[in-house]
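Student: Provided herewith is a single structure, encoded as structure tokens, for subsequent inquiry.
The values are calculated or read from the model by the stated rules, or taken from the named source; none is laboratory data. Note that the structure is a prediction, hence the values are computed from the model and not measured. Please note: Cβ atoms are built from the backbone with ideal geometry, for glycine as well, and neighbour counts cover all protein chains shown. The area values use the complete protein model at the heavy-atom level, side chains included, leaving out ligands, DNA and RNA. Shrake-Rupley method; radii C 1.70, N 1.55, O 1.52, S 1.80 Å.
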Amino acid sequence: MYNSSNIIDYVIEAWEKLQQQTPLVQCITNSVAANYAANVLLAAGASPAMIDNPFEAEAFTKISGALSINLGTPTTEQMQAIRISAKTAHENRIPWVLDPVGYGAVLKWRSDTVDELLQYHPSVIRGNASEISALAGSLSQSKGVDSTLKSDDMFQLAQGLLSKASCIAISGETDYILSTAMTCIVKIRGGSHLQPKITATGCALGALIAAYCAVAPIHLATIAAHVHFAIAGKLAYDQAQTVGSFNTMFMDYIHMMDANLIEQYACIELISDD
Amino acid sequence: MYNSSNIIDYVIEAWEKLQQQTPLVQCITNSVAANYAANVLLAAGASPAMIDNPFEAEAFTKISGALSINLGTPTTEQMQAIRISAKTAHENRIPWVLDPVGYGAVLKWRSDTVDELLQYHPSVIRGNASEISALAGSLSQSKGVDSTLKSDDMFQLAQGLLSKASCIAISGETDYILSTAMTCIVKIRGGSHLQPKITATGCALGALIAAYCAVAPIHLATIAAHVHFAIAGKLAYDQAQTVGSFNTMFMDYIHMMDANLIEQYACIELISDD
Amino acid sequence: MYNSSNIIDYVIEAWEKLQQQTPLVQCITNSVAANYAANVLLAAGASPAMIDNPFEAEAFTKISGALSINLGTPTTEQMQAIRISAKTAHENRIPWVLDPVGYGAVLKWRSDTVDELLQYHPSVIRGNASEISALAGSLSQSKGVDSTLKSDDMFQLAQGLLSKASCIAISGETDYILSTAMTCIVKIRGGSHLQPKITATGCALGALIAAYCAVAPIHLATIAAHVHFAIAGKLAYDQAQTVGSFNTMFMDYIHMMDANLIEQYACIELISDD
């Protein structure tokens, strides 16, 4: 059984394995996030590679430790690569993360593709409350690609999605993580209200989840990535309250993370899902 | 009638509306600017979304508060999205900004597309002196995508373009703004000589103009965006004289802008266009 | 004959010419590197333009001072542009740099294209030890796009590649440069162990080599770019030991480079290639 104390030990263990193994993580991501997500992965200890063409997708997914798929600004060739890589990951039991950016009625092309991708059973689906609730079939007032719903109000909706993925992560002021491997819902606090003011932080978090999935069980990997992010965001904000400086410090703390900081600052709560 | 004092009041009003409304701004932009422009818009108070595929362009433009089109590194799919979104914006009276990066004889593909896009009457055309003068049909010694002409020497050329767009903005050491809604030309100073040393600042300015257009009349929106940029550039340079640090501070000041800073530092001059 | 003293004079001369001439450099690069490489070139003194579509490639290469081709995240349209621009550069004696990111058995599409591009005789081929040794026909344990081989152990392999290009540059903890114009191998030290923790630094170095090639002989240009990078990395690390802050300072020092810093910090060794 998990409790907030042994969960922290598992997070530390996952972080240590990430440092030791520096797993290769394939990221198919958007034009806004490409540089940022790669830098977050490098700073965190992983080895990112943004291979997103259909001609090399299968071969590269096969040698990757994990795969991150993000639908922020898809192109036709990326969509082809996404299908190939998701299928390859599924068939080769390589963990993969699906970030359905902007999922909803307006952005039909990507939403239809996301629906189709569910057949390859993503290890983790992560998104904001609007995206997750839309994907869960619920009505959502999505405004573009940013969330207007409180994750507090609707995390239950995500339970239904656990038939499609092993783990669901909803990010917001507070993050919620649900998994088929846990009877509880994990609530993670921390971070900074400045994070939504910096583009691609959610996309980078999706890539970081994938990195942890290469070295730890899916649910613990998802928790570890959120904790890593939340602590870096909290410590960066302690030192810098404006977006440019905060962003520099945030990358610094992603890199400076260690067992002591996790021990000291992780803010994890386990709540019953009844 | 406008004067340099009431213009500042209108700029402050536009800035306040931007904070209150956080408008959704669709940006079809280049691979260099995507992350930077999104971060500038978030820092300034808007909600950017880089939807640039032809399959979602129409639906997304319809729900956007404004549209920014930038031709820095076009792809065939982006070109399709650009045509669809410009047409949709025009038909739905959604303001849109055209940034004809590199317009001229050498870069024929984009230049032909720009010519074609003029049928959808952009709200604002913004560019450097070379681009604007080339688009105005004049001879220009354009060197790649950077300007080699002084905007001081040729802003009159832009007058002719006012039949194609409601507002023309020429950026350089001093920025000039012409509009069908004003009998004067607005001259904005400030910024820093380091800005041309940082890529995509012009592209981000185009996106910021679009953001302001979602909340204020076209000409005042264009002025407000330039003033916002110029003040942030000036204040950043006061604190950091090297490109990396300047860029961090610049983003900080885009975010920290407020009525007092605008009141204190706006450097606007109204000149007769005779 | 070159020695470590007169080589530094040539590097200073190349840097001065870069400042005077601000050459136009066409970069066809990946989605991760586009913004970063453009900022490095601007900070260093060049004028970058990321023209990467097949419709404008020929015309733009013809007016460029140099061309940089990087195969990090190719698209079909970029691949077409790459072929056209490499051919155009070759026919018009415009120097061009080839960065075969991820070259090896796994990433076949790009590797086949690289093989084909060798017919246009790149001025410089630059990469990490894995890429260069794979391209040299040797067996390499390439792990994704990062190097797992020590450049110390295999620089001799690169000699064979000098039939395909005028200059070969292998980057790593220590950089090695081989050229048909020199009987020695040039070894450059400096930089920081944080550089591999920041994405696209190698890609930006490739673009900087191209910028120097527009103003100086190929081998001296390649040496100058590596020295410029290594000094900026060393001085940045003296001031900042975490990735976010280091990266900001690195850009600062790329920009603040001058003859005195080169004189004082260049760490060049000439070794016999026997």
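Student: Here are B:Gly72, B:Gly65, B:Gly102: which of them is at positive phi and either among the charged types (D, E, K, R) or under 16 Å from the mean Cα position of the chain (by Cα) (or both)?
Tutor: Working: B:Gly72 fails: at positive phi; B:Gly65 fails: at positive phi.
Testing whether each residue is at positive phi and either among the charged types (D, E, K, R) or under 16 Å from the mean Cα position of the chain (by Cα) (or both) leaves just B:Gly102.
Student: If A:Arg93 passes every condition in (1) modelled with pLDDT of 95 or more; (2) touching a helix residue (DSSP H, G or I) at 6+ places or on another chain (Cβ under 9 Å); (3) of a type outside the set (A, V, I, L, M) but one, which one does it miss?
Tutor: If we test A:Arg93 against (1) modelled with pLDDT of 95 or more; (2) touching a helix residue (DSSP H, G or I) at 6+ places or on another chain (Cβ under 9 Å); (3) of a type outside the set (A, V, I, L, M), just (2) comes out false.
Student: Is region B:74-89 home to any residue that is modelled with pLDDT of 95 or more and part of a loop (DSSP other than H, G, I, E, B)?
Tutor: yes
Student: Taking the condition of being more than 14 Å from every other protein chain (Cβ to nearest Cβ) and open to solvent by 20 Å² or more (accessible area, probe 1.4 Å), how many residues in region B:63-91 meet it?
Tutor: Going through region B:63-91 one residue at a time, the tally reaches 4.
Student: Here's something else I'd like to know. C:Ala37 - would you say it is in a helix (DSSP H, G or I), open to solvent by less than 10 Å² (accessible area, probe 1.4 Å) and within 14 Å of chain B (Cβ to nearest Cβ)? Please lay out each step first, then the result.
Tutor: Working: in a helix (DSSP H, G or I): yes; open to solvent by less than 10 Å² (accessible area, probe 1.4 Å): yes; within 14 Å of chain B (Cβ to nearest Cβ): yes.
Yes, satisfied.
Student: Still on this structure: Looking at B:Leu220, B:Leu157, B:Leu162, B:Leu208, which is the one that is touching a Gly at 6+ places or on another chain (Cβ under 9 Å) and either within 20 Å of B:Leu118 (Cα to Cα) or of a type in the set (A, V, I, L, M) (or both)?
Tutor: B:Leu157
Student: Listed residues A:Glu16, A:Glu58; which is in contact (Cβ under 8 Å) with a residue 40 or more places away in the chain and of a type outside the set (Gly, Ala, Ser)?
Tutor: The conditions single out A:Glu16.
Student: Give the residue that is nearest to B:His90 (Cα to Cα), with candidates limited to residues of region B:121-138 that are of a type in the set (A, V, I, L, M), modelled with pLDDT of 90 or more and open to solvent by less than 10 Å² (accessible area, probe 1.4 Å).
Tutor: By that ranking, first place goes to B:Val124.
Student: Here's something else I'd like to know. Being closer than 16 Å to B:Gln241 by Cα and more than 7 Å from every other protein chain (Cβ to nearest Cβ) is the filter here; which residues of region C:251-265 pass it? I'd like the intermediate steps shown before the answer.
Tutor: To start, the set of residues in region C:251-265 that are closer than 16 Å to B:Gln241 by Cα comprises C:251-258.
Result: C:Tyr253, C:Ile254, C:Met257, C:Asp258.
Residue-wise test of (1) more than 14 Å from chain C (Cβ to nearest Cβ); (2) aliphatic (A, V, I, L, M); (3) touching a residue at least 40 places away in the same chain (Cβ under 8 Å).
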{"position": "B:Gly191", "(1), (2), (3)": "yes, no, yes"}
{"position": "B:Leu208", "(1), (2), (3)": "yes, yes, yes"}
{"position": "B:Cys213", "(1), (2), (3)": "yes, no, yes"}
{"position": "B:Thr222", "(1), (2), (3)": "yes, no, yes"}
{"position": "B:Asp238", "(1), (2), (3)": "yes, no, no"}
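Student: Right, next: Of these, B:Val114, B:Val101, which one is farther than 23 Å from C:Thr76 by Cβ and surrounded by 24 or more Cβ atoms within 10 Å (Cβ to Cβ)?
Tutor: B:Val114
Student: Could you tell me whether A:Val101 is of a type in the set (Val, Ile, Thr), assigned to a helix (DSSP H, G or I) and within 22 Å of C:Ser31 (Cβ to Cβ)?
Tutor: no
Student: Restricting the first residue to region A:254-273 and requiring it to be within 25 Å of A:Met182 (Cα to Cα) and free of Cβ contacts under 8 Å to residues at least 12 places away in the same chain, which pairs with a second residue that is open to solvent by 70 Å² or more (accessible area, probe 1.4 Å) and not small (Gly, Ala, Ser) meet a Cβ separation below 6 Å and a spacing of at least six or different chains?
Tutor: Matching pairs, first to second residue: none at all.
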